[in-house]
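The values are calculated or read from the model by the stated rules, or taken from the named source; none is laboratory data. Every value quoted in this text rests on a predicted model; they were computed, and no experiment measured them. Positions of Cβ are backbone-derived with ideal geometry, glycine not excepted, and every protein chain shown enters the neighbour counts. Accessible surface is based on the protein model in full, side chains and every heavy atom, while ligands, DNA and RNA are left aside. Shrake-Rupley method; radii C 1.70, N 1.55, O 1.52, S 1.80 Å.
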Amino acid sequence: MLFVDDSYVFCQANNGSARSVMSLLRRFEHASGQQINLGKSSVFFSPNVNGQLRHSIYTTLHMPEASENSFYLGLPNIIGRNKNAILGFLRNKVMNRINSWSGKLLSGAGKEILLKTVIQSLPTYAMSVFLIPLGTCNEIEKLMARFWWKTTNSKGNGIIYMNWDRLSRPKDEWGYRLSSSP
């Protein structure tokens with residue numbers, strides 16, 4: 001997998017493969033004239049690789065082992081079974097951004113623009129890489145609804161005047177007649 005000038009190299013978890021990868025990296029350096037920053041590189045292992053073998057491989061490669069919470073290009077490197085917990089960082093990003101606007105006096109139009117341009121764009125990149133769980137999408141939608149209905153002087157969530165499902169429908173599906181003709 002290639003990202004701009006970064007690469008993922010996959011191989012079997014054994015010392016021979018680690019030496020082959022190191023040889024490949026040295027050949028690349030010699031051929032391109034570029035030097036690989038091993039301090040910024042990292043090694044990932046599947047869960048069935050034992051600790052002693054892990055240590056031997058990342059010592060051979062002169063690279064640290066990637067941690068469980070490591071990120072690459074703003075996305076988590078390792079996704080386990082509980083995707084809602086892992087992809088909770090999207091919810092946190094949305095919540096932090098909304099909280100940064102909470103003290104500002106914003107009109108309905110201002111809130112709408114912030115929600116549509118800023119908040120809805122935050123998960124877009126992650127959605128191009130991962131299938132986002134419905135639970136995470138629902139949480140983000142709830143945060144957006146809470147921000148939309150909250151007034152500057154309300155301490156809670158504000159008064160909800162319209163159902164969120166109806167409000168979030170496309171404008172041409174609202175059911176309002178624009179003219180008196182049937």
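Things to note:
- Between L24, L73, the distinction of being at positive phi and open to solvent by 80 Å² or more (accessible area, probe 1.4 Å) belongs to L73 only.
- Candidates S32, S100 - the one that is of a type outside the set (A, V, I, L, M, F, W, C), out of contact with any helix residue (DSSP H, G or I) (no Cβ under 6 Å at 6 or more places or on another chain), at pLDDT 85 or above and surrounded by fewer than 11 Cβ atoms within 10 Å (Cβ to Cβ): S100
- Number of the condition not met by V4 [criteria: (1) farther than 30 Å from E141 by Cα; (2) modelled with pLDDT of 85 or more; (3) out of contact with any Cys (no Cβ under 9 Å at 6 or more places or on another chain)]: (2)
- Scanning segment 8-63 for residues that are of a type in the set (G, A, S) and outside any helix (DSSP H, G or I) gives A13, G33, G39, S41, S42, S46.
- Candidates P64, P47, filtered to the one that is open to solvent by 80 Å² or more (accessible area, probe 1.4 Å), farther than 22 Å from V129 by Cα, without any contact (Cβ under 8 Å) to a residue 60 or more places away in the chain and within 28 Å of the chain's Cα centre (by Cα): P47
- Every pair of residues 6+ apart whose Cβ atoms lie under 6 Å, when the first sits in segment 123-140 and is farther than 14 Å from Y72 by Cβ and open to solvent by less than 90 Å² (accessible area, probe 1.4 Å) while the second is at pLDDT below 80 and not small (G, A, S): P133/K83; P133/N84; G135/N84; T136/N84; T136/L87
- Residue count for segment 7-34 under the criterion of being in contact (Cβ under 8 Å) with a residue 12 or more places away in the chain and either basic (K, R) or closer than 29 Å to S128 by Cα (or both): the result is 2.
- Scanning segment 103-122 for residues that are loosely packed, with under 11 Cβ neighbours inside 10 Å and closer than 24 Å to L75 by Cβ gives T117, S121.
- Subset tally (residues that are part of a helix (DSSP H, G or I), more than 16 Å from G135 (Cα to Cα) and free of Cβ contacts under 8 Å to residues at least 24 places away in the same chain) for segment 88-111: 6
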